[in-house]
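The block underneath contains the structure these notes are about, expressed in structure tokens.
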Amino acid sequence: MKITPFICALTIALLSACSTTNQRISNQEALFNTYTPTERKLIRMGQINFGFDQDQVRMALGKPSRESTNASAAGKEIAWEYREFKPSFGLGIGASSSGSIGTGIGVRASPDRTRLLKRIVFDRQSGKVSHIQSFD
């Protein structure tokens, strides 16, 4: 079946596009080595903490899905969102008058079909993490 090589190639392409925490650390190893032992441990585990800067968050969690700047009573706030794509699956079965039967399977992933995992807000003055919201 010709679908199998296509699916394998697509899977490899998608997996290679995602960077791991170890890859992000090795890309910025000199910067990573300037962090405290506690900060390095958290980043290696893919976790963040209050007071982390944007480089530390990006190293631990990767590039955010969405970035926004909002005006609040205290001033400008920068928020990063990490989202998970939620694909939808469909199965169709059809028949014709000549007696043949056909089936089809569809997979759809859309930016509108996402689930919010984490929202991080950076302090407007210091640029450090001031709020962390997790949505499990």
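Some notes on this structure:
- Cβ-derived FRET efficiency at R0 22 Å, Gln28 paired with Ser126, nearest 0.05: 0.60
- A DSSP coil position with no more than 14 other Cβ atoms inside 10 Å describes the following chymotrypsin sites (Phe, Trp or Tyr not before Pro) in segment 32-77: Phe50.
- Partner lysines for Lys118 [C-alpha distance under 22 Å; skip if fewer than 8 residues away on the same chain]: Lys41, Lys63, Lys76, Lys86, Lys128
- Potential extension, Ser19-Leu116 segment - 0.36 nm per residue separation minus Cα distance: 33.0 nm
Every number here is computed from the coordinates shown, using simple stated rules; none is lab data. Every value quoted in this text rests on a predicted model; they were computed, and no experiment measured them. Please note: Cβ atoms are built from the backbone with ideal geometry, for glycine as well, and neighbour counts cover all protein chains shown.
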